[in-house]
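The values are calculated or read from the model by the stated rules, or taken from the named source; none is laboratory data. If you're wondering where the values come from, they're calculated on a predicted model, not measured in any experiment. Counting neighbours? That spans all protein chains shown, and the Cβs are built from the backbone with ideal geometry, glycine included.
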Amino acid sequence: MNIPGLGQAAPAATFSAPTIQAAVAVHDLQANSEWRFEVAYGQSIEVKILSGTAEIFGTELAVNHTYTFRGTKSSIFTWHGCRIEVNGPCEEYMAEETPMITYVNTHFALEKLRDDAIQNGGEGPRVLVVGPNNAGKTSLVKLLTAYATRMGRQPMVINTDSREALLSIPGTLTATPFASIIDVEHGWGSSPTSGPSPVPVKLPLCYYYGLASPEDDTKLYKPILTRLALAAASRLADDPVIRGTGMIIDTPGVISQGKGGYDLISHIVSEFSVNTILVLGSERLHSEMQRRFSAYKTRSGEAITLVKLDKSGGCVDRDDTFMQQMQEAAIREYFFGDPKRTLSPHTQQVNFDDATIYKIHEGGEEDSQQVGLYENVEPSSMMLHCLLAVMYASTRDSQETVRDASVMGFVYVAEVDEKKRRLKILAPLNTRITDRPMIWGSWPETTVSLI
Amino acid sequence: MTTEFSDDVAEDYKRALEDLTMNSRYEISNLTVIARENTEHALAISEALKSHIKQTSPQKKLPAFYVLDSVIKNVGTPYTIFLSRGLYSTFMEAYALVDNSVRRKMDEMLKTWKEPVPGALDTRPVFPRDVTGPIENALIKARTSAIQAQQEHTRSQQQILGRGRPGPSPAPYRETPTPPNAYRQPPPVQQGYNSNYPQQQYPSAMNGQQYGQQPHVQQSYGLPPVSRPSSGKFDYTNQDQRPPTQNYIPHNASAGSWQQPPPQQGYSAHDNSIDELNSDIANLITVFKTDFALNPLDGNIQKRLKALLDLQSIMQSQRLPPQQISEIKTQVAKLSEASKATPKAPKSPTPAPVPAQLPQQNSLSSLLGPGGQGTLAALLAKQTPPIQTRSPQPALNQPFKPPPVSMAPTPVPDTGSLFEKLLAAGIISGKPAISTPTPNIPLPANISGYRPPFTPNPSRTPLGEIPNDVVLKTSSLKILYEKLGAPCTQCGRRFQSNEEGKKKKTAHMDWHFRVHQRMTEAEKRGQHRSWYVDELDWIKSREVEGDQNTSNGDKTNGSGVTSSSITSKPKLQYLPVPDDPALASSTCPICTEKFEMKWLDEAQEFVWMDAKKINQRIYHISCYEDVNKAGIKRDTPEPVLGKRKHEVTTPTGCRIGKSNKAQDDNIAVRSKIKTESY
Ligand SMILES: [Zn+2]
Ligand SMILES: [Zn+2]
């Protein structure tokens, strides 16, 4: 048969987007190997497992289903070998040395603890994952979460890293039960929207810290963590399936890198009754953890199990540019959804006088001791293109109450009219927000206009 | 051999034909014999036969066709010549008037006309190609255009499902040639994949040679058993009380001694032509991919590319009957013609509007439709039973066939868990800790003689069947794979093949289907991010295994999360689908959406979920409750928070809160309708 149309199809000028020409590649992966890929922001690739088995951070991929990845650094691992079809531009390489066996063993070990917990009506393991930046903490947390859900468990996943959000916007600390498959195309997936979701959405409980590093303001960070732990513990007490599974806690890399950070680890260990610590990649951190916790007992008298795991070679260093793009993508996704499911946010006008806005002090801790937690500020052009966290609290509440409240959602300051004393605000939906206090943090940084 | 005499013969013949009310082998061969003995009156007899076919009621058309079939196959010339004249209109007009089952028979008959008479020395087809070809083409067109309406219906869903990926394999082929509603099907068939879905999609006896003996034809439609409409329908199998051998069974060896056994014309014809077709498809895909790259925004190209990719995966995953293969060939050829002519913008098919409730008899013109141009997409749509105007996704339609689950014995738990070893290795006793041993052991890790230095914990639970090998065994991995059952083709989630697993799987596929369906609607309606839940609601909410809340709770967000106020409702709220057609087509007065129909196993009937009849109108229960709640303004934040704060700090003393999340969403939905008033 003739192949029609190839030559005459279109003028060469339309070939302006070179990426689109990327050919379809097929890779054969050996058992126990990993295909790592990086897709630049603004680009996407389609991946299809043609045969065999494959997983992304523990979530099994369906065979012959096309997955689309945008702006991500990720990897597909196979236990049994597989054939992958890749369509689109990406950086990629194969890895045959992975720590997956120790990771899956860790999972089986946790399963044993969960079985015991269910048997005795106790709590499943509260697992803390620590390690320096780019050691693969989040990937390990995701892997353990995915393995647990595959086996019918419902782990409570805690994110204490405000730099990178989990089902929310950076700056938040969250607790999220996972009962269903993780949306491999969108990091952790999506929080609820008014419409249906092709992958079951997850329901995070969010608190707003609003700074990039826990060490920026430990006086703010610690009580929020405490509040998060309290809520999570309440859920565990109430929810037998999650209780039997336990928690998996992700941490910011920075707290694994020095004295101040170690104190924060101790705080997390105590607040979340951590009884298992997985140390990724760092010998020094491991001995420090050993020193701190070898004699430690949780509130219920349990000893802490400390496990050192190798960091995955697949952990790519994510530079500031990448982090920034990731942040922007998370914000966009929050308001506008993704290409497969677009969301329509609403804009509304807010009078300066109607808005209650608390600005997080950035000057450090002495400041906050003198003037309170937050500064009650009048809207100004400084706020342009910033995000505000709308809190589940009343404008009459104390600052401590506002701090401890969970986040209702985020709004984006699209315009500030200082003359008319009005803000134009982008909100996910059209609800009055002026009866809620809003917190203005410095994280996430937004430098671009969303609209 | 006067004309008058011919007229008499024709008159007699006509009368005999009129008495032929059913598929009777005796009468048919009798009429065949008369035709053979009166070849000098062949013209008159042929005309009589044709005019009889034209004029007789739809119920009698098939037996008359059997006479025609028998005559041309057993007598042949000159009948072949006379009967081929106008065969197109004879065939097509009848085709338009008869019901689906008869069409199927006619299709089969037409197929045999393209072949030589089985066993005959003459190797030419029964009718010349130029006679059968136009009929065949017209049928393809008719099918295509009839399907396009349905295609339009499901297209958006398929796009969501497919998104350019060759994902969904369509439903197995059904011998359903055309069809909009020739049977008066009860609406419930749209849930056909639910419970009563027959595993056998096409009867094995269907080799295109048998016309009569298929008492279970209705089963092959993949529908729950339906009571046959009793009024005015010709039931060519059940009504015939004679033994089946009394039926005229063309070309069946048992039908008569004057026939040779037919060659096996099975569906397994997997020959070079299929390979050729496959490579043609692959070539076309290349072409369209290029086109697509050049015109990424051209919906037509996308549509066709997707259709081609779908087709390719169908061809790879299924064995299609030759009839369909040849249709595909025709379409592929057409498409490559088209792409040759207008490579960049293939014409969009014009869908023929096919109302959901067509009268039983379609006119020829409605069958042929205004948009005769067949497209692959439309052809593919044929894979869904066209009666299902709101049908499940093709892929969901497939009976669940779990790959063989490994029967490997449960691995014996290794003595000593990872943690035990680690603990013993000295974390607690202060000795230097070991890191997790033996990384990167290739699979299968077969360390013979390896015995962990620990005795099994006597308190180990029976669940400890799961081994905590430090050295991973392949058997351990089965826990994450084979032992979980077979994966869902859509998302990879695994389901056990036991009863419970099957139920879950059904509910899960149901969920996929509804999500795809609702995503289309949601896309039109516009959707938005919901507010996060507050502490109390979050604590009280329950994950319901992702998608198992088929009965309620996911009306607005498919969240797989149900809040306590929802779970505390009675488990299943439903209403049997009303018999009254006016009610059966009603929508919820509040949200104006249709009701979600579902086959409910325990009720053994089709029901509307989340529906309730209130004052002669049917509402979504959730909508009704929302509206009634709407009068109550949401609490001001302060008192709620005050209470909440207190409760959160005393974990066991939590109260059940109202579902703020659901309410917020509803507020949002309502605010869409209202103007933006803030
Ligand atoms: Zn699925
Ligand atoms: Zn409704």
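Within region A:30-59, restricting attention to residues that are facing chain B (nearest Cβ under 10 Å) and in contact with a Cys (Cβ under 8 Å, 6 or more places away or on another chain), the residue that is nearest to A:Gly313 (Cα to Cα) is A:Ala54. Per this entry, A:Arg83 is not counted among residues that are touching a Ser or Thr at 6+ places or on another chain (Cβ under 8 Å), among the basic types (Lys, Arg) and either buried (at least 23 other Cβ atoms within 10 Å of the Cβ) or in the same structural domain as A:Arg235 (by TED's automatic domain parsing) (or both). It is to be established whether one or more residues within region A:90-113 are polar (S, T, N, Q) and without any contact (Cβ under 8 Å) to a residue 60 or more places away in the chain. The answer is yes, given that some residue of region A:90-113 is polar (S, T, N, Q) and without any contact (Cβ under 8 Å) to a residue 60 or more places away in the chain.
Taking region B:520-543 as the search range and keeping residues that are at the interface with chain A (Cβ under 7 Å from one of its Cβ atoms), modelled with pLDDT under 85 and touching a helix residue (DSSP H, G or I) at 6+ places or on another chain (Cβ under 9 Å), which one is farthest from ligand 1 (Cβ to nearest atom)? That would be B:Gly526. What is the one condition in (1) more than 8 Å from chain B (Cβ to nearest Cβ); (2) free of Cβ contacts under 8 Å to residues at least 40 places away in the same chain that A:Ser234 does not satisfy? It fails just one condition, (1). Quick one: is B:Thr567 under 27 Å from A:Val199 (Cβ atoms), within 16 Å of ligand 1 (Cβ to nearest atom), within 14 Å of chain A (Cβ to nearest Cβ) and modelled with pLDDT under 75? Against the criterion (under 27 Å from A:Val199 (Cβ atoms), within 16 Å of ligand 1 (Cβ to nearest atom), within 14 Å of chain A (Cβ to nearest Cβ) and modelled with pLDDT under 75), B:Thr567 does not qualify. A:Thr431 passes every criterion in (1) within 30 Å of A:Val199 (Cβ to Cβ); (2) surrounded by fewer than 19 Cβ atoms within 10 Å (Cβ to Cβ) apart from (2).
Among the residues of region A:395-451, the ones that are within 12 Å of another protein chain (Cβ to nearest Cβ) and polar (S, T, N, Q) come to 7 in all.
Scanning region A:55-80 for residues that are hydrophobic (A, V, I, L, M, F, W, C) and more than 16 Å from ligand 1 (Cβ to nearest atom) yields A:Phe57, A:Phe69, A:Ile76, A:Phe77, A:Trp79.
The residues in region A:346-379 that are surrounded by 14 or more Cβ atoms within 10 Å (Cβ to Cβ) and either at pLDDT 75 or above or touching a Cys at 6+ places or on another chain (Cβ under 7 Å) (or both) can be counted, and the count is 20.
For region B:115-132, a residue qualifies if it is in contact with a strand residue (DSSP E or B) (Cβ under 8 Å, 6 or more places away or on another chain) and either surrounded by fewer than 14 Cβ atoms within 10 Å (Cβ to Cβ) or not hydrophobic (A, V, I, L, M, F, W, C) (or both), and the qualifying residues are B:Glu115, B:Pro116, B:Asp122, B:Thr123, B:Arg124, B:Pro125, B:Thr132.
Checking A:Lys202, A:Lys222 one by one, the residue that is under 21 Å from A:Ala389 (Cα atoms), of a type in the set (D, E, K, R) and within 9 Å of another protein chain (Cβ to nearest Cβ) is A:Lys202 and no other. Residues in region A:40-69 that are within 16 Å of A:Asp28 (Cα to Cα) and not in a strand (DSSP E or B): 4 in all. Within region A:314-363, the residues that satisfy the criterion of being in contact (Cβ under 8 Å) with a residue 24 or more places away in the chain, part of a helix (DSSP H, G or I) and more than 14 Å from every other protein chain (Cβ to nearest Cβ) are A:Phe322, A:Met323, A:Gln324, A:Gln325, A:Met326, A:Gln327, A:Glu328, A:Ala329, A:Phe352, A:Asp353. Residues that are surrounded by 24 or more Cβ atoms within 10 Å (Cβ to Cβ), part of a loop (DSSP other than H, G, I, E, B) and more than 16 Å from ligand 2 (Cβ to nearest atom): does region A:207-214 have at least one? Within region A:207-214 (the criterion being surrounded by 24 or more Cβ atoms within 10 Å (Cβ to Cβ), part of a loop (DSSP other than H, G, I, E, B) and more than 16 Å from ligand 2 (Cβ to nearest atom)), the answer is yes, since at least one residue qualifies.
To keep it simple, each residue is scored yes or no on (1) in contact with a strand residue (DSSP E or B) (Cβ under 8 Å, 6 or more places away or on another chain); (2) surrounded by fewer than 17 Cβ atoms within 10 Å (Cβ to Cβ).
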residue	(1), (2)
A:Leu384	yes, yes
A:Leu387	yes, no
A:Ala393	yes, no
A:Arg396	no, yes
A:Val402	yes, no
A:Phe410	yes, no
A:Leu423	yes, no
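Among the criteria (1) touching a Cys at 6+ places or on another chain (Cβ under 8 Å); (2) more than 11 Å from chain B (Cβ to nearest Cβ), the one A:His65 does not fulfil is (2). Looking across region B:133-146 at every residue that is among the aliphatic types (A, V, I, L, M) and under 23 Å from B:Glu47 (Cβ atoms), the one that is surrounded by the most Cβ atoms within 10 Å (Cβ to Cβ) is identified as B:Ile135. The C-beta contact set for region B:483-512 (first residue at positive phi and within 7 Å of chain A (Cβ to nearest Cβ), second residue within 13 Å of ligand 1 (Cβ to nearest atom) and assigned to a strand (DSSP E or B), distance under 7 angstrom, 6+ apart or interchain) comprises B:Gly492/A:Glu60.
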